[in-house]
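> What follows is a structure written as structure tokens; I'll ask about it next.
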Amino acid sequence: MEHKYIVRSILLCLIALLGTSCSDFLDEEALDFKSSSNSYSTVSDFDKSLVHLYSKVREEFFSGNEQPVSDYIFGCDLVWDGQIQGAQRFNDYNNTCNPNNTYLDIHWKNMYKMIAACNTIISRLGSSQVPDAERPRIEAAAKFFRAFAYRNLVYLYGGVPLELNEVASPKTNYVRASKEDVLKVIVEDLVYACNNLPGITKVRDGEISDMAANHLLAEVYLAAGEYQKAYDAASVVINSQDMALMKERFGSVKDEEGDVFYDLFRDKNQNRSSGNTESIWVIQYETGVIGGDNEVTNVYGSGYKLERLMAPLVRDLRIDGETTSPFLWPYSTFQSGGRGVGWGIPTIYFSNTIWESTDWDDMRNSNYNIHRKFYCDNPASKFYGQTLDTENPPAGVTVPCREWYAYSTKCTTPGHHPENLFANSSGLLTGNAGFTYADQYMMRLAETYLIRAEASLGLNKKEAAATDINVVRERAKAKPCTASDITIDYILDERMRELGIEEKRRLTLGRLGQLYRRTVEVAKNPLVRNMGPHHNLWPIPYSEIERNKDAVLEQNTGY
């Protein structure tokens with residue numbers, strides 16, 4: 001019996017010992033792989049985190065499904081929807097902007113994911129092994145991206161919840177900060193970025209620099225009504241010896257027919273390594289490279305679907321009782337526009353009015369840039385060999401229509417699609433085409449001039465505004481404007497002429513509170529229904545309001 005008690009005592013001791021060491025044994029220590037505890041240590045770790053932020057920007061504005069095109073360009077003064085389908089493309093604002101409809105939620109989520117990643121970088125930097133000399137650059141980049149994300153949110157939604165710290169556990173008590181407070185935080189982050197990001201000649205293609213930070217800061221100062229500060233920040237960029245508008249033919253197609261404005265949007269011409277001194281921040285694509293986001297495989301994959309949405313579906317055009325189109329489709333030509341499906345039909349205001357009101361011979365309205373004169377290349381058509389003009393269409397054809405309209409060639413690369421997208425030597429494209437196979441501008445110097453012109457207008461210095469606008473118009477060989485021309489509508493029209501489908505128009509009009517007026521009253525977008533002044537802002541997603549159970553996340557007025 002005594003032996004039994006001794007054995008039992010020994011067993012209990014062993015169990016006790018095992019119990020005390022069990023938790024230590026189960027504590028996982030990352031020795032040969034990255035985890036949340038050791039991923040933010042070296043310069044390489046932080047640079048990889050910054051690469052993730054570049055990827056999130058590309059995903060939000062240029063990649064994946066069609067939303068980067070439709071949500072920032074459609075349903076405003078630029079284009080209307082050629083095929084009504086569900087909540088997409090803003091043909092019915094009550095549907096697209098229904099806060100219970102999850103269609104728009106992806107943008108809110110993407111921006112706050114960026115903010116969370118930035119906060120983590122900033123929070124972890126202090127306890128890292130990063131040398132002191134490298135820390136300002138990394139912090140500046142994280143603050144730039146955080147400011148960029150909040151800038152997008154405040155233009156789209158107005159005041160939003162502010163979070164400037166790393167969040168390690170769920171929070172359900174957020175409230176909206178005022179628009180003014182959000183803008184103040186953005187400015188503080190961008191001022192730091194301006195002072196600590198490398199110069200534009202010191203960064204690789206696609207990386208942000210002090211020029212990008214000053215450009216964005218100038219724009220945000222406009223939103224805050226700080227016009228002199230906006231003027232000064234824009235002047236830092238404009239007056240830099242490293243920046244200049246491109247005024248002569250250059251790059252990959254300079255020996256082909258075209259003009260310098262056309263050159264700006266050809267493949268391989270966007271980056272400074274091509275000699276382009278106008279680019280400030282360029283979103284990078286590498287066709288056919290894993291991670292390059294322009295997949296050219298047997299699968300219709302990722303990329304920027306600008307070509308697909310913005311070029312007309314000429315395949316379906318019928319004239320004078322013919323059973324075939326006068327244009328071959330899909331071909332790598334001007335008349336086909338690649339593999340367009342005709343969803344982004346330009347408003348008459350974009351395609352005609354803004355040119356007629358200033359100068360129809362403006363280079364930016366040349367046939368290389370706004371394609372209107374289409375060569376009939378289908379041998380099966382009786383129109384073969386002729387040129388048809390959207391400004392003087394054949395009898396029975398109404399322009400614009402989904403099958404035929406004047407389109408911006410920024411969306412496509414005529415004659416220069418990737419080689420393995422050609423089905424044969426004649427130029428026929430495979431069904432996997434439809435993307436825009438070039439790097440994309442997020443910022444370029446011509447816009448900086450227009451930002452400074454807007455600042456001058458805010459300061460009631462219309463002569464100075466006209467001077468800046470005329471720098472841009474002179475490159476386009478357009479007639480100069482005068483101080484008496486300068487209004488906010490003139491500047492917004494000039495942005496259309498210069499930036500067209502390149503800019504994220506919804507952000508510009510949202511910043512100014514001009515989305516409704518410009519869409520309905522100025523451009524008279526023919527297919528926008530149920531739009532009211534409250535649609536200048538998007539609704540806060542209902543899902544975000546619902547899960548924020550410990551505080552009231554107020555909805556925007558009108559929803």
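> How much mean residue ellipticity at 222 nm does the chain get from its helices, if each DSSP H run of length 4 or more adds -39500 (n - 2.57) and you divide by all residues, to the nearest 500 deg cm²/dmol?
Numbers: 16 runs with 207 residues, N = 559.
Using -39500 (n - 2.57) per qualifying helix, the result is -11500 deg cm²/dmol.
> Tell me the label-point distance for the pair E66, E286, using the 7 Å Cα-to-Cβ offset, in nm and rounded to one decimal.
Label-label distance for E66 and E286, simple model: 3.0 nm.
> Could you state how much accessible area W360 has, in square angstrom rounded to the nearest 10, with a 1.4 Å probe and all protein chains kept in place?
90
> Would you work out the relative contact order for the chain, in percent, from Cα pairs under 8 angstrom that are 6 or more residues apart?
Details: 996 pairs, mean separation 108.6, N = 559.
Taking the mean separation of contacting Cα pairs over the length of the chain, I get 19 percent.
> Still on this structure, I have one more. How big is the charge dipole of the stretch 425-534 about its Cα centre, in debye rounded to the nearest 20, if each Lys and Arg gets +1 on its Cβ and each Asp and Glu gets -1 on its Cβ? The partial results should precede the final answer.
Numbers: 18 positive and 14 negative charges, 48 e Å.
That gives a dipole near 220 debye.
> How much FRET efficiency would the formula 1/(1 + (r/R0)^6) give for V175 and Y103, where r is the Cβ-Cβ distance and R0 is 25 Å, rounded to 0.05? Please list the in-between numbers first.
Working: r = 25 Å, r/R0 = 1.01.
Between V175 and Y103 the formula returns 0.50.
> Taking N as the number of residues in the stretch 421-542, what is its Cα Rg relative to 2.2 N^0.38 Å?
Working: Rg = 18.6 Å, N = 122, 2.2 N^0.38 = 13.7 Å.
Cα-based Rg divided by the globular estimate yields 1.36.
> Quick check for me: using +1 on Lys/Arg Cβ and -1 on Asp/Glu Cβ, what's the dipole size of the stretch 376-465 about its Cα centre, in debye to the nearest 20? Intermediate values should be presented prior to the final figure.
Numbers: 7 positive and 9 negative charges, 48 e Å.
The dipole magnitude comes to about 240 debye.
> Express in whole angstrom the spacing between the alpha-carbon centres of the stretch 73-152 and the stretch 420-498.
If you average the Cα positions of each part, the centres end up 23 Å apart.
> Also, quick follow-up: Which helices count as membrane-span-like in the chain under these terms: full DSSP H, at least 24 Å along the axis by C-alpha, Kyte-Doolittle mean of 0.5 or more? Please report the intermediate quantities before stating the final value.
Working: long enough: 2-26 (36 Å, 1.07); 43-62 (28 Å, -0.23); 105-125 (30 Å, 0.10); 135-157 (32 Å, -0.03); 179-196 (26 Å, 0.17).
Correct list, ordered by number: 2-26.
> Further, regarding this structure: Could you look at the chain and say what percent of its accessible area is carbon and sulfur, using a 1.4 Å probe and all protein chains?
51
> What's the extension gain from E188 to T482 if we count 0.36 nm per residue and subtract their Cα-Cα distance? Walk me through the numbers before you get to the answer.
Numbers: separation 294, 0.36 × 294 = 105.84 nm, distance 3.56 nm.
Additional length available on full extension: 102.3 nm.
> If you bin the C-alpha pair distances of the chain every 20 Å from 0, what whole percents do you get?
19, 52, 21, 5, 2, 0
> Which whole number of Å³ per residue matches the convex hull of the alpha-carbon atoms in the stretch 147-187? Can you show the working numbers first?
Numbers: hull volume 3.0 nm³, N = 41.
Once divided by residue count, the hull of the stretch 147-187 is 72 Å³.
> Grab the beta carbon distance between Y384 and N424, set R0 = 25 Å, and tell me the FRET efficiency rounded to 0.05.
On the way: r = 19 Å, r/R0 = 0.77.
So the FRET efficiency works out to roughly 0.85.
> For a quick check: with amide H placed at 1.01 Å from N, whose amide H comes under 5 Å from L428's, ignoring anything fewer than 5 positions away on the same chain?
The answer is A423.
> Once both labels are modelled 7 Å past Cα along the beta-carbon direction, what's the K247-S127 spacing in nm?
Modelled inter-label distance: 5.6 nm.
> Also: So what's the convex hull volume per residue for the Cα atoms of the stretch 187-249, in Å³?
On the way: hull volume 6.4 nm³, N = 63.
So the per-residue Cα hull volume is 102 Å³.
> Where the centroid of each part is defined by its Cα atoms, how far is the stretch 195-267 from the stretch 523-555 in Å?
When both Cα centres are located, 33 Å separates them.
> If I take R0 = 51 Å and measure r between the Cβ atoms of E257 and K48 in this structure, what FRET efficiency does the formula 1/(1 + (r/R0)^6) give, to the nearest 0.05?
That pair, E257 with K48, gives E of 0.70.
> With a point put 7 Å past each Cα toward its Cβ, work out how far R529 is from T323 in nm, to one decimal.
The two pseudo-label positions are separated by 3.5 nm.
> Show me, bin by bin at 10 Å from 0, the whole-percent P(r) of the stretch 341-384 based on Cα pairs.
23, 40, 27, 10
> For the stretch 456-511, just list the percent of Cα-Cα distances falling in each 5 Å bin from zero outward, please.
Here the calculated profile for the stretch 456-511 is 5, 19, 28, 24, 18, 7, 0.
> What does the accessible area per residue of the chain come to in Å², with a 1.4 Å probe and no ligands, DNA or RNA counted?
43
> Can I ask one more? Could you tell me the largest-minus-smallest coordinate of the C-alpha atoms of the stretch 276-352 on each of the three principal axes, in descending order and whole angstroms?
47, 36, 20
The values are calculated or read from the model by the stated rules, or taken from the named source; none is laboratory data. Everything quoted here is computed from the prediction, not taken from an experiment. In this analysis, Cβ positions are derived from the backbone assuming ideal geometry, glycine residues included, and neighbour counts consider all displayed protein chains. Note: accessible area is taken over every heavy atom of the protein model, side chains too, but ligands, DNA and RNA are not part of it. Shrake-Rupley method; radii C 1.70, N 1.55, O 1.52, S 1.80 Å.
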